[in-house]
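For reference, the structure is listed below as structure tokens.
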Amino acid sequence: MPGNALPAALRELGGLLRAPGPISPPAGLERDRDVFVFELRALFFSQWLALGAASAMAAPGARAAYETGPRSYLAVRDTGGELRVFRNRCPHAGHVLFEDGDSVASDQLVCKYHGWRFALDGRAALLPHLPESARATGIALEPLPIACRHGLLFVDPRSSEDRFGEAPRLQAPAWMEHAAAGAHGTAPTAANWKTLYWRVPALLARLLGVEEAGLQWQRLDTLGFLAHAGADAVLLRLSPRGSQDTAVRADWLHAPQAGPAADTAPPAPAAGPRSGADGHRAGRPSPDAAHAWLAQQTAAVLADAAPAPRAFFDWYWNALGAPTH
Ligand code: FES
């Protein structure tokens, strides 16, 4: 993209939006790399992002990696019980420290590439093959501002100098403060994030086994969504890695007093009963079946060939800041 010029597909979309009625978007809106790069700057790294349930990291030493498009974040509970979030990037050569979904506990953070070790507060603990003079330079993982809202962990991906505002306020049931972490699943897709975005309510309804019309859901940021029904909730995150490469991640949460998860994946009606005759519950997949079930439900909503509604394009254009050049 030359300089900061508006990509051609976005210029074309801006023209289409000046007239009322349905939009037939330019093909490049979902395919062009320059549109994706523009979105990265304008949408994905300019606001607080929902990562996951704080209850999944209750014990000292717990850690979890969360990928959001081309960036990744590392949440850690240190030995004093404090939650921290770092850029998931080794300060040595910039490699990702842990993969998305990696959540084992440990008393140090060890980079698998050259063995640099970090304490749970991010400070360097052991830096093999580094001259003593270089060790005095305060090498550490890059910390980021965090907030907890209704038991969900948020990170501000901007540097502390240019961040503004506060983490989003949620409309969530009281039990979310102490929610038990359930299964989590990740499903890769060959879809553009926008194709998934406006289908999110349908996907959330499937994941909770409720009718879409009665779904209680909210958008937490451009890529994060929360829905709840009864004693179950789902945090859904989109992770755009390229214009035609978006991963979907779902974390199921349950009220503390709710029963155990199903032993296998539940049957997957579009909006089936919350409890089937076999005892499976659509809102509570087992950990082993969560990935496959999420992939199945994501494929089902993507198979719906309905065009994106006009309201989506209005939202998208405003979220981009209604660019003019
Ligand atoms: S990139 Fe981590 S130790 Fe080298």
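Descriptive notes on the structure:
- The residues of region 205-232 include none that are closer than 19 Å to GLY101 by Cβ and surrounded by fewer than 20 Cβ atoms within 10 Å (Cβ to Cβ).
- Filtering region 15-29 for residues that are in contact with a Leu (Cβ under 8 Å, 6 or more places away or on another chain), among the polar types (S, T, N, Q) and within 30 Å of ALA233 (Cα to Cα) leaves an empty set.
- Looking only at region 308-325, residues that are in contact (Cβ under 8 Å) with a residue 12 or more places away in the chain and either closer than 19 Å to ALA190 by Cβ or of a type in the set (S, T, N, Q) (or both) come to 2 in all.
- Filter result (assigned to a helix (DSSP H, G or I), surrounded by fewer than 22 Cβ atoms within 10 Å (Cβ to Cβ) and in contact (Cβ under 8 Å) with a residue 24 or more places away in the chain) within region 37-53: VAL37, PHE38, LEU40, ALA42, LEU43
- Take the conditions (1) closer than 20 Å to GLY182 by Cβ; (2) at pLDDT below 85; THR324 misses just one of them, which is (1).
- Exactly one residue out of ASP221, ASP263 is modelled with pLDDT under 95, of a type in the set (Asp, Glu) and farther than 30 Å from ARG31 by Cβ: that is ASP263.
- The combined condition, being aliphatic (A, V, I, L, M), over 27 Å from LEU223 (Cβ atoms), surrounded by 14 or more Cβ atoms within 10 Å (Cβ to Cβ) and at pLDDT below 85, is not fulfilled by LEU170.
This table checks each residue for (1) modelled with pLDDT of 95 or more; (2) surrounded by fewer than 18 Cβ atoms within 10 Å (Cβ to Cβ); (3) not hydrophobic (A, V, I, L, M, F, W, C).
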residue: GLU177; (1), (2), (3): no, yes, yes
residue: ALA181; (1), (2), (3): no, no, no
residue: ASN192; (1), (2), (3): yes, no, yes
residue: LEU203; (1), (2), (3): yes, no, no
residue: VAL234; (1), (2), (3): yes, no, no
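- ALA64 being of a type outside the set (D, E, K, R), surrounded by 19 or more Cβ atoms within 10 Å (Cβ to Cβ) and either in contact (Cβ under 8 Å) with a residue 24 or more places away in the chain or in contact with a strand residue (DSSP E or B) (Cβ under 8 Å, 6 or more places away or on another chain) (or both): yes
- Selection from region 295-311 of residues that are outside any helix (DSSP H, G or I), surrounded by fewer than 16 Cβ atoms within 10 Å (Cβ to Cβ) and aliphatic (A, V, I, L, M): ALA303, ALA305, ALA306
- Hey, VAL96 surrounded by 21 or more Cβ atoms within 10 Å (Cβ to Cβ) and either in contact with a helix residue (DSSP H, G or I) (Cβ under 9 Å, 6 or more places away or on another chain) or within 25 Å of ILE139 (Cβ to Cβ) (or both) or not: no
- Of residues in region 99-132 being near the ligand (Cβ under 9 Å from one of its atoms) and either crowded, with 17+ Cβ neighbours inside 10 Å or among the polar types (S, T, N, Q) (or both), the one nearest to LEU236 (Cα to Cα): CYS111
- Scanning region 70-90 for residues that are without any contact (Cβ under 8 Å) to a residue 24 or more places away in the chain and surrounded by 20 or more Cβ atoms within 10 Å (Cβ to Cβ) gives a single hit, ASN88.
The values are calculated or read from the model by the stated rules, or taken from the named source; none is laboratory data. The structure displayed is predicted, hence computed values, not measured ones. In this analysis, Cβ positions are derived from the backbone assuming ideal geometry, glycine residues included, and neighbour counts consider all displayed protein chains.
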